[in-house]
Amino acid sequence: MLVQLASMRDAYAEVLLELGQEDSRVVVLGADTSVSIKTSLFGDRFPDRFFNVGIAEANMMGIAAGLALAGKIPFVTTYAAFVPGKCLDQIRNAIAYPNLNVKIVSSHGGLTVGPDGASHQTIEDVATMRAVPRMHVIVPADAPSTRSLVAQACRTLGPFYIRLSRPSVPTIYSASKDVEVGKAKILREGSDIGIIACGIMVNEAMEAAETLSKTGISAEVVDSHTVKPLDSETIVRVARKTGTLVTAEEQNVIGGLGGAVAEAITESYPVPITRVGVRDTFGESGEHEELMVKYGLTSKEIARAAKHLIKSR
Amino acid sequence: MEEQSIPIGMLLQKAAKIRAHILEMVAEAKSGHPGGSLSAVEILVTLFFYKMRHDPKRPDWPDRDRFVLSKGHAAPVLYSTLAEAGYLPTSELKTLRKINSRLQGHPDHRVPGVEFPGGSLGIGLSAAIGMALAGKVDKKDYRVYALLGDGELDEGETWEAAMAAPKFKLDNLTAIVDRNGIQQDGLTEQIMPMEPVGYKWKAFNWHVLEVDGFDFRQVIDALEKAESMRNRPTVIIAHTVKGKGVSFMEWDPAYHGKAPDKDTVRKLVKTMLEE
Ligand SMILES: Cc1ncc(C[n+]2csc(CCOP(=O)(O)OP(=O)(O)O)c2C)c(N)n1
Ligand SMILES: [Mg+2]
């Protein structure tokens, strides 16, 4: 089978052009990484609505707040290592507290930035942003869903954090099969175990389900692209149906999707759960595939966790 | 008299070797930042082979001078300088950015001689101030050097640090700005105008010197002046060229973070080492 790969940041840059055409309130801010993330394309098309503030993420966030207060819809974009890393205070106090309409879209999230190493890898952004009141947190799985979720964020009032990964990823959603902010998507039905994933780990979850089916285990796969507000209803339903869950994300296992799912089911329908993700350690330089293997971000790891859970049930 | 004691030949030779290492490393890694590594070669060579008091056999010697590479993406120039100085084998340089290597894409403490993990831009000068303050508290005479990118000056923290160092009268601290005129998205004066950069530091009460960052005599002279200055930190604005030494890289923002291929590098290195 031919797997189609597509880049999330290309999809993001494309949908920004459409949004800019559609709505003149859309403005884009960059911090000296616009060529690499391709938001410079927006700047080429709409030079009056693109602002490169230099390597100054905190200032960028504050400027976005002011733009939003004056009626604009700012999209703020740089590498995930520095947004939210360099500007959590501005995100909290200047954007989330007054509930401003700022869309923070970070690229190069997770470990798969690769050879740049730990200083440029982000494993705590989802957890951090989840803990900020009013913030929506979204981690898309592929290029088409990036497009759709970014467009929805643009049309929904309030602050959003959308986290993209660097590598091109297999396309999961056809353009027609839609995703909806706040609604977890069941991508594959199953009865023995539920795998709740987000971002590039959704594809790994699908592969794990395929492997598991060969050993007679039927796995349900859920794309929980919206980490906050979490679709607890769907997740609890999956927990009731399957009786045990694995979560999978390109993030620290502390406080991200795994944390959110554990919190949700503990409060309403506790079942055994294993969180697949980075195990509270910094990453390192390496090619992205090597890093995924070394840090346990693979379909194999998900399948192993699933089997173990089922065996000890 | 000073003039005669400067071993220009040795410094030139080191610079040529280090340029070759940088190109080979990034070509082997197929990624990394050659432009801002090549612009800083003479600065690091002057520090490590002429000016700084340090001992590769004792990287944790408490009395050593410290060098903070705040523009951490220039890790190739730091690693190859450290290797030439004897902190690590030059054969290890080809493991840059590879999995399980000590040579991380940005400076990492596992490498002897690395004082600080710069990488997120804007954080190095503050750390250098901390080291310089500790030196004052402990009545030690070591000096602290921090190398900053000119794009890096965009970061607010740089200017918070710039305000603090004169307040604490840190004459044991020297900041060096690699003024190569280019950052990641393009020319600094287009992305975020920084001129008049010397006046900015002057207004923050620094002792400001400007040099040609490829002229060993000028760099050495500035470093000596910095050392004899009392009660004030010095900043040296070193005018350089991004991608220096490789004609097609010079002044091309694309080579900020792009590796040349191995064949090209082989030819470049051959001519470089012959000269
Ligand atoms: C806080 C932060 N934002 C963004 C980046 C990505 N980045 C790496 S290098 C660079 C440009 C640096 O330009 P400059 O300081 O002039 O360095 P040089 O020209 O000496 O290479 C950018 C934006 C980063 N490393 N850190
Ligand atoms: Mg520069």
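The values are calculated or read from the model by the stated rules, or taken from the named source; none is laboratory data. Everything numeric here is computed off the predicted structure, so don't read it as measured data. Note that each Cβ is placed from the backbone with ideal geometry, even for glycine, and that neighbours are counted across all protein chains shown. The accessibility values were calculated without ligands, DNA or RNA, using every heavy atom of the protein model including side chains. Shrake-Rupley method; radii C 1.70, N 1.55, O 1.52, S 1.80 Å.
Tell me, which residue of region B:164-181 that is away from chain A (no Cβ under 14 Å) and either under 23 Å from A:GLY85 (Cα atoms) or small (Gly, Ala, Ser) (or both) is surrounded by the most Cβ atoms within 10 Å (Cβ to Cβ)? It comes out as B:ALA175. Quick check: is even one residue across region B:77-89 away from chain A (no Cβ under 14 Å), over 14 Å from the mean Cα position of the chain (by Cα), away from ligand 1 (no atom under 14 Å from the Cβ) and closer than 23 Å to B:GLU227 by Cβ? Yes: one or more hits.
Looking for whichever is of a type in the set (Gly, Ala, Ser), out of contact with any Leu (no Cβ under 9 Å at 6 or more places or on another chain) and open to solvent by less than 30 Å² (accessible area, probe 1.4 Å) here; the options are A:GLY296, A:GLY216. Which one fits? Within the list A:GLY296, A:GLY216, the selection yields A:GLY296.
Report, by residue number, each residue of region B:230-257 that is within 15 Å of ligand 2 (Cβ to nearest atom) and over 19 Å from the mean Cα position of the chain (by Cα). Across region B:230-257, the qualifying residues are B:ASP252, B:ALA254. Within region B:182-215, the set of residues being touching a residue at least 60 places away in the same chain (Cβ under 8 Å), over 27 Å from A:LYS38 (Cα atoms) and surrounded by fewer than 20 Cβ atoms within 10 Å (Cβ to Cβ) comprises B:PHE214, B:ASP215. Cβ-Cβ distances below 7 Å connect the following pairs, each with a first residue in region B:12-36 that is without any contact (Cβ under 8 Å) to a residue 60 or more places away in the chain, a second residue that is away from ligand 2 (no atom under 16 Å from the Cβ), and a separation of six or more residues or different chains: B:ALA15/B:VAL45; B:ILE22/B:SER80. When restricted to residues that are more than 21 Å from the chain's Cα centre (by Cα), without any contact (Cβ under 8 Å) to a residue 60 or more places away in the chain and surrounded by fewer than 18 Cβ atoms within 10 Å (Cβ to Cβ), region A:237-270 contains 8.
Kindly indicate whether any position in region A:63-72 is surrounded by 19 or more Cβ atoms within 10 Å (Cβ to Cβ) and within 13 Å of chain B (Cβ to nearest Cβ). Yes, region A:63-72 has at least one match.
Within region B:118-174, the set of residues being within 28 Å of B:MET192 (Cα to Cα) and in a loop (DSSP other than H, G, I, E, B) comprises B:GLY118, B:GLY119, B:SER120, B:LEU121, B:GLY122, B:ILE123, B:ASP150, B:GLY151, B:GLU155.
Could you look through region B:28-75, keep only residues that are open to solvent by less than 30 Å² (accessible area, probe 1.4 Å) and acidic (Asp, Glu), and pick out the one that is farthest from ligand 1 (Cβ to nearest atom)? So the residue we want is B:ASP65. A:ILE37 meets the conditions (1) of a type in the set (Val, Ile, Thr); (2) open to solvent by less than 10 Å² (accessible area, probe 1.4 Å); (3) away from chain B (no Cβ under 12 Å) in every case but one. The failed one is (3).
Confirm whether A:PRO159 is out of contact with any Phe, Trp or Tyr (no Cβ under 8 Å at 6 or more places or on another chain) and of a type outside the set (D, E, K, R).
So A:PRO159 fits the description; yes.
When the residues of region A:94-141 are filtered to those that are without any contact (Cβ under 8 Å) to a residue 40 or more places away in the chain and not hydroxyl-bearing (Ser, Thr, Tyr), the one that is surrounded by the fewest Cβ atoms within 10 Å (Cβ to Cβ) is A:PRO133.
Residues in region A:52-67 that are of a type outside the set (S, T, N, Q) and within 15 Å of B:GLU155 (Cα to Cα): A:VAL53, A:GLY54, A:ILE55, A:ALA56, A:GLU57, A:ALA58, A:MET60, A:MET61, A:GLY62, A:ILE63.
Suppose we filter A:GLY158, A:GLY199, A:GLY182 for residues that are open to solvent by 20 Å² or more (accessible area, probe 1.4 Å), at pLDDT 95 or above and under 22 Å from A:LEU230 (Cα atoms); which single one remains? First the steps, then the outcome.
Details: A:GLY158 fails: open to solvent by 20 Å² or more (accessible area, probe 1.4 Å); A:GLY199 fails: open to solvent by 20 Å² or more (accessible area, probe 1.4 Å).
After applying the criteria, what remains is A:GLY182.
Identify, from the list A:ASP89, A:ASP48, the residue that is open to solvent by 20 Å² or more (accessible area, probe 1.4 Å) and either within 14 Å of chain B (Cβ to nearest Cβ) or aromatic (Phe, Trp, Tyr) (or both). Exactly one residue qualifies, and that residue is A:ASP89.
Run down B:GLY105, B:GLY151, B:GLY135, B:GLY124 and say which single residue is out of contact with any helix residue (DSSP H, G or I) (no Cβ under 7 Å at 6 or more places or on another chain), open to solvent by less than 10 Å² (accessible area, probe 1.4 Å) and within 13 Å of ligand 1 (Cβ to nearest atom). Let's see the steps before the verdict.
Numbers: B:GLY105 fails: out of contact with any helix residue (DSSP H, G or I) (no Cβ under 7 Å at 6 or more places or on another chain); B:GLY151 fails: out of contact with any helix residue (DSSP H, G or I) (no Cβ under 7 Å at 6 or more places or on another chain); B:GLY135 fails: within 13 Å of ligand 1 (Cβ to nearest atom).
It is B:GLY124.
The condition (being at pLDDT below 95 and crowded, with 18+ Cβ neighbours inside 10 Å) is satisfied by just one residue among B:ALA222, B:ALA238, B:ALA254, B:ALA259: B:ALA259. Look at A:ARG304 and say whether it is assigned to a strand (DSSP E or B), in the same structural domain as A:ASP223 (by TED's automatic domain parsing), open to solvent by 20 Å² or more (accessible area, probe 1.4 Å) and out of contact with any His (no Cβ under 9 Å at 6 or more places or on another chain). Spelling it out, it is not the case that A:ARG304 is assigned to a strand (DSSP E or B), in the same structural domain as A:ASP223 (by TED's automatic domain parsing), open to solvent by 20 Å² or more (accessible area, probe 1.4 Å) and out of contact with any His (no Cβ under 9 Å at 6 or more places or on another chain).
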